[in-house]
Amino acid sequence: TSKNKQNINIKIIIMLSKNLEKALNAQVNAEFWSSYFYLSMSVHFADAGLSGFAKWFRVQAKEEEEHALKIMDYIVSRGNKVSLQPIAKVTQSWKSPLAAFEDTLKHEQEVTKMIHDLVVVADEEKDYATRSMLQWFVDEQVEEEDTARSLVDALKFIGNEKLGIYMLTKNSV
Ligand code: FEO
């Protein structure tokens, strides 16, 4: 009967294409890499005695882990497979707080590009659910770039003044 047909249809999970599954898994790895990257900055600043920045980067690392988990959960919810890949090595020291925040901004701009590339693939495949899931990341990137940019600006303004850097680390958490 048509009612039975309807029930069967409801049970069908429309899976991600292999192409999108691969691309989203690559993004999971990129988000974990970001987490590792910021954790590396966190330990670098803890070692340098700048505990405010150390805490700030620890929070960023946690957020990146949450981004990875969000995409992992989404892949699973579509009935696809998560594939966790090795996390590439990260830089371990920076010559100044400004250098670290410039690296942060540059990295976030690269992540924005990755997210936008994923949006293009989702659009091409007319995968509107993935397109919708990605919108959260599109918006999040605007905020992340903005935060990193304002810290770069503040550090440029302060220059090498130790007191200014100290004040900024106290206010950044
Ligand atoms: Fe997951 Fe900072 O982007």
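The values are calculated or read from the model by the stated rules, or taken from the named source; none is laboratory data. Just so it is clear, the structure is predicted and the values come from calculations on it, not from any experiment. All Cβ positions, glycine included, derive from the backbone under ideal geometry; neighbour counts span all protein chains shown. Ligands, DNA and RNA are excluded from the accessible area calculation, which covers all protein heavy atoms including side chains. Shrake-Rupley method; radii C 1.70, N 1.55, O 1.52, S 1.80 Å.
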Semi-axes of the range 31-157 from the Cα gyration tensor (sqrt of 5 times each eigenvalue, largest first, whole Å) come to 29, 17, 11
In the chain, taking the dipole from +1 charges on Lys and Arg beta carbons and -1 charges on Asp and Glu beta carbons about the Cα centre, the listed residue (120, 46, 164) farthest towards the positive end is 120
Helix 18-47: inclination vs the chain longest Cα principal axis, degrees, rounded to 10, gives 20 degrees
The extension gain from residue 138 to residue 51, computed as 0.36 nm times the residue separation minus the Cα-Cα distance, is 28.3 nm
Probe 1.4 Å, all chains present, heavy atoms only: residue 104 accessible area in Å², nearest 10, is 0 Å²
Most packed first (mean Cβ within 10 Å per residue), the peptides 86-93, 46-53, 35-42, 154-161 order as 35-42, 46-53, 154-161, 86-93
Averaged per residue, the 1.4 Å probe accessible area of the range 88-155, protein heavy atoms only, in Å², is roughly 54 Å²
Charge tally for neighbours of residue 52 with beta carbon under 13 Å away, counting Lys, Arg as +1 and Asp, Glu as -1, is +3
Pairs over 24 Å Cα to Cα, from 113/162; 62/156; 81/126; 55/106, come to 113/162; 62/156
For residue 149 and residue 124, extending 7 Å from Cα along the Cα-Cβ vector and measuring point to point gives, in nm, a value of 2.8 nm
Calc'd 3J(HN,Hα), the range 153-170, phi into Karplus 6.51 cos²θ - 1.76 cosθ + 1.60 (θ = phi - 60°), Hz, glycine/Pro = x, comes to 4, 4, 5, 5, 5, 5, x, 9, 5, 4, 5, x, 5, 4, 4, 5, 5, 5
With a 1.4 angstrom probe the carbon and sulfur portion of accessible area for the chain, in percent, totals 57 percent
